[in-house]
């Protein structure tokens, strides 16, 4: 059985700590081997911070060398003498990027079943010289050579895809066009069907207050969203909307829709994190392999204190397994 790769994220953040907590949890279930990708020094630091004892984790140099349930493939720099938790450091940006790129390329070579990512820090990536990639989604799109990607956030009782994520609010509004909405609806429809959620009930959020009030509060609904929804329905998709954002998420939570298409970052992220922050996870649509992640950042404000919550990482691993088994629709 192909292993699941788990990248350790930025060493100055909470990634290694939550990974150590998951590994040390005796109740943790594991259906396939885990290949940790990152630096051993960061993982051992995380275990000390978490106050847990790690099992023996052999170092491997490639996927084929992984024989047992757990292994570590070391990529990234040695621990810098001036390393501190909770601070932007170029060396940590290098470590985070090296792990993500290695795991993604192994997925593209079909050596891994999927990859799960611990959080990276955008400022640390920039400090390390990676100025073209804003986050995981952009890195994975670049490595995969794809143009259309999307973020899907999931938490028990609510799924939210995003038309755009890492754009300013002004740019995100300009991105709301018939063609971009229809393209994202098509990507969402096709990917969810592949993942076991056949003919998903998709609801499109409105952009403006009260859905634009027929054009009185903005014309994006009239000019862009309604035509996009009509075109998607003509393709046979079960799509509703646009529906005002102040009611659409509650309707989805109550079971009316399987997934909501939010139109910009905070419109969807706030709904997910208010509903159930600690169990929320992220998946990337549009790349040719499965990638899930925690839905939180490096948490520099609590890094190194041993108080980080590992539930999100456990959930991200579970979601990856559900996607791989085609049972996401049952989750």
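Odds and ends about this structure:
- Residue list for segment 34-66, filter: within 18 Å of residue 115 (Cα to Cα) and part of a loop (DSSP other than H, G, I, E, B): 39, 61, 62, 66
- Scan of segment 28-45 for residues that are crowded, with 16+ Cβ neighbours inside 10 Å and within 24 Å of residue 13 (Cα to Cα), ordered by number: 34, 35, 36, 37, 38, 39, 40, 41, 42, 43, 45
- Among the conditions (1) modelled with pLDDT under 95; (2) under 21 Å from residue 150 (Cβ atoms); (3) within 16 Å of the chain's Cα centre (by Cα), the only one that residue 311 does not satisfy is (2).
Each row is one residue, and each column tells you yes or no for (1) under 20 Å from the mean Cα position of the chain (by Cα); (2) outside any loop (DSSP other than H, G, I, E, B); (3) surrounded by fewer than 17 Cβ atoms within 10 Å (Cβ to Cβ).
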site	(1), (2), (3)
72	no, yes, no
96	yes, yes, no
134	yes, no, yes
146	yes, no, yes
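- Looking at 198, 260, just one residue is closer than 30 Å to residue 107 by Cβ, touching a residue at least 60 places away in the same chain (Cβ under 8 Å) and either part of a strand (DSSP E or B) or in contact with a strand residue (DSSP E or B) (Cβ under 7 Å, 6 or more places away or on another chain) (or both), and that residue is 260.
- Selection count, segment 6-33, where residues are assigned to a helix (DSSP H, G or I) and over 27 Å from residue 135 (Cα atoms): 1
- Flag for residue 272 being in a helix (DSSP H, G or I), without any contact (Cβ under 8 Å) to a residue 60 or more places away in the chain and not assigned by TED's automatic domain parsing to the domain that holds residue 309: no
- Positions within segment 160-192 being farther than 22 Å from residue 231 by Cβ and either crowded, with 21+ Cβ neighbours inside 10 Å or touching a strand residue (DSSP E or B) at 6+ places or on another chain (Cβ under 6 Å) (or both), in sequence order: 165
- Search result, residues across segment 209-242 that are in a loop (DSSP other than H, G, I, E, B), at pLDDT below 95 and either surrounded by 19 or more Cβ atoms within 10 Å (Cβ to Cβ) or touching a helix residue (DSSP H, G or I) at 6+ places or on another chain (Cβ under 6 Å) (or both): 217, 218
- Count of segment 46-70 residues which are crowded, with 16+ Cβ neighbours inside 10 Å and either in contact (Cβ under 8 Å) with a residue 40 or more places away in the chain or not assigned by TED's automatic domain parsing to the domain that holds residue 115 (or both): 5
The values are calculated or read from the model by the stated rules, or taken from the named source; none is laboratory data. This is a predicted model, so every value here is computed, not measured. Note that each Cβ is placed from the backbone with ideal geometry, even for glycine, and that neighbours are counted across all protein chains shown.
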